[in-house]
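Below is one structure, written out as structure tokens; comments come after it.
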Amino acid sequence: MSEPGDPTKPSMPPTLDEANRDVLSLAEFKRRDARGVPRYHNFYLLFAAPPDSYPAIYRDQPYYQRFATENSKLANFLYSSLQVIPKTGSPAQYLEPFESLLYDAYVTMRSYGASDDDLFR
Amino acid sequence: MVLVEEAEHQKGLAFAMHGLGSNKDQPQIKAIAEAFFENGYTVVRFDCTNSLGESDGAFENSTATNFLEDLEDVIAWSTSQSWYQEPFCLAGSSLGGYATARYAEKFPEKIKGLAPKATTISGTLSIKADPKRSEEWKASGWRVEVSNTKPGFIKRLPWSHMEDRITHDLLPDAHKLTMPVLMIVGDQDRETSPIEHQTMLYDLLPGKKELHVIKGAPHTLRDPAHIQEMKMIFDAWIKSLN
């Protein structure tokens, strides 16, 4: 169970219904391909994209809006933590410390009905 | 028309593709090819159909679709050649940048590295880059320009070119570009591939990536200093792939 006030835990535990049985495990979620790119591709941009950047438009999606409302502490923590990722090089190397939290966010948004294609693009 | 420069001791394979209303012998395309060749790559350059090179067709029939199909045809032909190897590198300028990047989105496992220079991102963004010219083009039905690549040639392009281009967009599948990507653009490229549009694609690249802005450079590099700067960027990037 989440500790009260713990920003690293979703305030609502995700529920896996029939539609979400193909949710990735944490190991699958963060598995790197031969080039070192994690399976979740651009999922981190939901938090890392600066407000004036193109990927920030993905935050308009209902699943993110709901997540940010219901899990504001985690959303704000990830947002503030991931704004410092350098623009050059490989983003994955900077994301490793946050992948468990990103996974919590992923599972939660999957429970809202978002698909991997929606979340990883 | 395809030109293959075969490396004596081949370390890799690269395709270099020109942009709209251009050809394989444009200095900036030759410089990209040289950068690969000097690093031990066999390099394939070709004239797209409906372009201003040695291949067939009329410029007014040139489309983004025909650029992509030509690239697919050349790569398909290459698979039967002794020098063919995977993964290979793709580089292209402007509409050639679009075709190479779109191919890489479709077949990411085949690509060692991707280098779209001043690339077209989408038809929608092409219109937004210069809305006034687009309005005039649509109203008159034609865009008419004097060619810099082929002196004396008047380039006439129907609005149907844009109707085709609007169906093309790199952004929805940009997350599939997991290979190392090098992007280059001139800071004076304001009405064709402005830096603001380049960063939209760049921000969506999930793998190892670089974006270089060449100061004072327009859309098509013709100044030898700009071309040399681009070649040096390519050289360092190609070396980083090994």
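Going by the conditions given, is B:Ala174 among the small types (Gly, Ala, Ser) and under 16 Å from B:Gln198 (Cβ atoms)? When the stated conditions are applied, B:Ala174 passes them. Looking only at residues of the stretch B:197-226 that are within 9 Å of chain A (Cβ to nearest Cβ), without any contact (Cβ under 8 Å) to a residue 60 or more places away in the chain and not in a loop (DSSP other than H, G, I, E, B), we find that the one that is farthest from the chain's Cα centre (by Cα) is B:Asp203.
Residues that are of a type in the set (Val, Ile, Thr) and in contact with a His (Cβ under 7 Å, 6 or more places away or on another chain) within the stretch B:19-66 comprise B:Ile29, B:Thr63, listed in sequence order.
Among the residues here, A:Tyr58 does not qualify as assigned to a loop (DSSP other than H, G, I, E, B), hydroxyl-bearing (Ser, Thr, Tyr) and within 13 Å of another protein chain (Cβ to nearest Cβ).
For the stretch B:138-186, give me each residue that is among the polar types (S, T, N, Q), closer than 14 Å to B:Gly21 by Cβ and in contact with a helix residue (DSSP H, G or I) (Cβ under 6 Å, 6 or more places away or on another chain). Of everything in the stretch B:138-186, nothing turns out to be among the polar types (S, T, N, Q), closer than 14 Å to B:Gly21 by Cβ and in contact with a helix residue (DSSP H, G or I) (Cβ under 6 Å, 6 or more places away or on another chain).
Taken over the stretch A:77-90, the criterion of being in a helix (DSSP H, G or I) and more than 12 Å from the chain's Cα centre (by Cα) is satisfied by A:Ser80, A:Ser81.
In this structure, is A:Gln93 part of a helix (DSSP H, G or I), modelled with pLDDT under 95, of a type in the set (S, T, N, Q) and out of contact with any Gly (no Cβ under 7 Å at 6 or more places or on another chain)? Spelling it out, A:Gln93 is indeed part of a helix (DSSP H, G or I), modelled with pLDDT under 95, of a type in the set (S, T, N, Q) and out of contact with any Gly (no Cβ under 7 Å at 6 or more places or on another chain).
Residues in the stretch A:63-107 that are within 14 Å of chain B (Cβ to nearest Cβ) and exposed (fewer than 13 other Cβ atoms within 10 Å of the Cβ): A:Gln83, A:Pro86, A:Thr88, A:Gln93.
Condition (residue is hydroxyl-bearing (Ser, Thr, Tyr), buried (at least 18 other Cβ atoms within 10 Å of the Cβ) and part of a helix (DSSP H, G or I)) applied to the stretch B:125-133: is it met by at least one residue? Yes, some residue in the stretch B:125-133 is hydroxyl-bearing (Ser, Thr, Tyr), buried (at least 18 other Cβ atoms within 10 Å of the Cβ) and part of a helix (DSSP H, G or I). Selection of strands (runs of 3 or more DSSP E) fully inside the stretch B:1-93 by the criterion of at least 1 residues being within 14 Å of the chain's Cα centre (by Cα) and surrounded by fewer than 18 Cβ atoms within 10 Å (Cβ to Cβ) returns nothing. Residues in the stretch B:153-196 that are assigned to a strand (DSSP E or B), of a type outside the set (Asp, Glu) and within 14 Å of chain A (Cβ to nearest Cβ): B:Val181, B:Leu182, B:Met183, B:Ile184. When the stretch B:171-196 is filtered for residues that are among the acidic types (Asp, Glu) and free of Cβ contacts under 8 Å to residues at least 40 places away in the same chain, the ones remaining, listed by number, are B:Asp187, B:Glu196.
Cβ-Cβ distance below 9 Å, separation of 6 or more or different chains: which pairs start in the stretch B:99-113 with a residue that is farther than 22 Å from B:Gly123 by Cα and assigned to a helix (DSSP H, G or I) and end on one that is modelled with pLDDT under 95 and not basic (Lys, Arg)? Between residues of the stretch B:99-113 that are farther than 22 Å from B:Gly123 by Cα and assigned to a helix (DSSP H, G or I) and residues that are modelled with pLDDT under 95 and not basic (Lys, Arg), the close pairs are B:Glu109/A:Ala34. Taking the stretch A:42-70 as the range and being more than 21 Å from B:Leu205 (Cβ to Cβ), within 12 Å of the chain's Cα centre (by Cα) and touching a residue at least 12 places away in the same chain (Cβ under 8 Å) as the test, the residues that pass are A:Tyr63, A:Phe67.
The values are calculated or read from the model by the stated rules, or taken from the named source; none is laboratory data. Please read these numbers as outputs of a predicted model, since none were measured by experiment. Every residue, glycine as well, gets a Cβ built from its backbone with ideal geometry; the counts of neighbours run over all protein chains shown.
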